[in-house]
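Novice: Got a structure here, written out as structure tokens. Questions coming.
The values are calculated or read from the model by the stated rules, or taken from the named source; none is laboratory data. As the structure is a prediction and not an experimental result, all values here were calculated from the model. Counting neighbours? That spans all protein chains shown, and the Cβs are built from the backbone with ideal geometry, glycine included.
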Amino acid sequence: MGEKIRRVLDIIVSFISLIFLLPLFLIIGLAIKIDSEGPVFFIHKRTGYKGKNFRMIKFRGMVHNALELGPQLTQPNDKRITRVGKFLRRTSIDEIPQFINVLKGEMSIIGPRPEITSITDTYTEKEREVFDFRPGITGISQINGRQLLSPQKRVKMEIEYYKQASFYSEAKIFFKTFKVIISNEGNL
């Protein structure tokens with residue numbers, strides 16, 4: 001799919017989604033504030049398109065000082081995840097604020113998962129090819145293993161897939177994402 005067409009679709013889908021989901025933002029924000037101290041949003045530095053860092057936005061699903069209390073990556077049965085956070089992560093609702101990143105041009109709807117900078121700093125030259133593609137809210141690794149994939153397996157899968165991706169294959173990812181969310185496949 002051409003980059004201009006993708007960008008137009010990203011803007012339209014993310015803008016409409018943000019308007020439609022605004023009441024949900026308010027409800028989730030209130031639930032997060034009632035459940036635990038700290039901000040509503042978790043903003044974390046990720047590596048994106050062309051290797052540029054950006055600040056990815058999510059609903060906060062962990063205690064406010066989670067990064068001070070444990071590893072950067074979520075672990076199975078992680079005690080830092082709040083009650084509301086368990087629901088947000090289970091349903092992937094914590095990802096909804098990333099539509100803001102899409103509007104800003106930092107992300108796309110479909111693309112490789114944006115990885116944390118401490119991992120991308122260790123990428124080999126071959127793994128850095130993933131930066132040729134704008135990161136996405138969902139993508140090939142999110143529908144084929146999600147958090148069960150190691151960063152190395154995920155980036156290899158993404159590079160191989162996105163070099164050959166088409167509008168049709170990305171449409172399949174978009175619709176399969178809902179099945180994966182409902183089944184909770186590959187989620188910690």
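Novice: So which of Lys45, Lys58 is surrounded by fewer than 16 Cβ atoms within 10 Å (Cβ to Cβ), in a strand (DSSP E or B) and touching a strand residue (DSSP E or B) at 6+ places or on another chain (Cβ under 7 Å)?
Specialist: The conditions single out Lys45.
Novice: Identify, please: which residue in the range 102-140 is among the hydroxyl-bearing types (Ser, Thr, Tyr) and within 30 Å of Ile19 (Cβ to Cβ) and is, among those, surrounded by the most Cβ atoms within 10 Å (Cβ to Cβ)? It would help to see each step written out before you state the result.
Specialist: In the first step, residues of the range 102-140 are kept if they are among the hydroxyl-bearing types (Ser, Thr, Tyr); the result is 108, 117-118, 120, 122-124, 138.
Restricting the remaining residues to those that are within 30 Å of Ile19 (Cβ to Cβ) gives 108, 138.
Values: Ser108: 26, Thr138: 24.
Restricting to residues being among the hydroxyl-bearing types (Ser, Thr, Tyr) and within 30 Å of Ile19 (Cβ to Cβ), the top hit is Ser108.
Novice: Take the residues in the range 153-188 that are of a type in the set (S, T, N, Q) and over 17 Å from the mean Cα position of the chain (by Cα), then tell me which one is modelled with the lowest pLDDT.
Specialist: So the residue we want is Ser183.
Novice: Between a first residue in the range 1-30 that is under 21 Å from Ala171 (Cα atoms) and a second residue that is in a helix (DSSP H, G or I) and not aromatic (Phe, Trp, Tyr), which pairs have beta carbons less than 6 Å apart while being 6 or more apart in sequence or on different chains?
Specialist: What qualifies is Asp10/Val102; Ser14/Val102; Ser14/Leu103.
Novice: I've got another one for you. Looking only at the range 19-42, count how many residues are of a type in the set (Phe, Trp, Tyr) and in a helix (DSSP H, G or I).
Specialist: Number of matching residues: 2.
Novice: Restricting to the range 83-97, name every residue that is modelled with pLDDT under 90 and buried (at least 18 other Cβ atoms within 10 Å of the Cβ).
Specialist: Scanning the range 83-97 gives Arg89, Ser92.
Novice: What number of residues within the range 154-179 are of a type in the set (A, V, I, L, M), in contact (Cβ under 8 Å) with a residue 60 or more places away in the chain and not in a loop (DSSP other than H, G, I, E, B)?
Specialist: Matching residues across the range 154-179 total 1.
Novice: Here are some residues: Arg83, Arg89, Arg55, Arg46. Which one is within 20 Å of Ile182 (Cβ to Cβ) and out of contact with any Cys (no Cβ under 6 Å at 6 or more places or on another chain)? Reasoning before the result, please.
Specialist: Working: Arg83 fails: within 20 Å of Ile182 (Cβ to Cβ); Arg55 fails: within 20 Å of Ile182 (Cβ to Cβ); Arg46 fails: within 20 Å of Ile182 (Cβ to Cβ).
Exactly one residue qualifies, and that residue is Arg89.
Novice: Let me confirm something: among Ile16, Ile5, which residue is part of a helix (DSSP H, G or I) and at pLDDT 95 or above? First the steps, then the outcome.
Specialist: On the way: Ile5 fails: at pLDDT 95 or above.
Sole residue among the options that is part of a helix (DSSP H, G or I) and at pLDDT 95 or above: Ile16.
Novice: Out of the residues in the range 141-169 meeting the condition of being of a type in the set (A, V, I, L, M, F, W, C) and either touching a His at 6+ places or on another chain (Cβ under 6 Å) or surrounded by fewer than 24 Cβ atoms within 10 Å (Cβ to Cβ) (or both), tell me which one is farthest from Glu106 (Cα to Cα). I'd like the intermediate steps shown before the answer.
Specialist: Residues of the range 141-169 of a type in the set (A, V, I, L, M, F, W, C): 143, 148-149, 155, 157, 159, 165, 167.
Still in the list and also either touching a His at 6+ places or on another chain (Cβ under 6 Å) or surrounded by fewer than 24 Cβ atoms within 10 Å (Cβ to Cβ) (or both): 143, 148-149, 157, 159, 165, 167.
Working: Ile143: 21, Leu148: 25, Leu149: 23, Met157: 21, Ile159: 18, Ala165: 19, Phe167: 20 Å.
For the range 141-169, the residue satisfying everything is Leu148.
Novice: Please determine, by comparing only the residues of the range 4-49 that are among the polar types (S, T, N, Q) and closer than 15 Å to Leu103 by Cβ, which one is farthest from the chain's Cα centre (by Cα).
Specialist: So the residue we want is Ser17.
Novice: Return yes or no: is Ile143 in contact (Cβ under 8 Å) with a residue 24 or more places away in the chain, in contact with a Pro (Cβ under 7 Å, 6 or more places away or on another chain) and either of a type outside the set (Lys, Arg) or within 23 Å of Glu3 (Cβ to Cβ) (or both)?
Specialist: When the stated conditions are applied, Ile143 does not pass them.
Novice: Here are the criteria: (1) among the aliphatic types (A, V, I, L, M); (2) modelled with pLDDT under 90; (3) over 30 Å from Ile159 (Cα atoms); (4) surrounded by fewer than 18 Cβ atoms within 10 Å (Cβ to Cβ). Tell me which single one Leu22 does not satisfy.
Specialist: (2)
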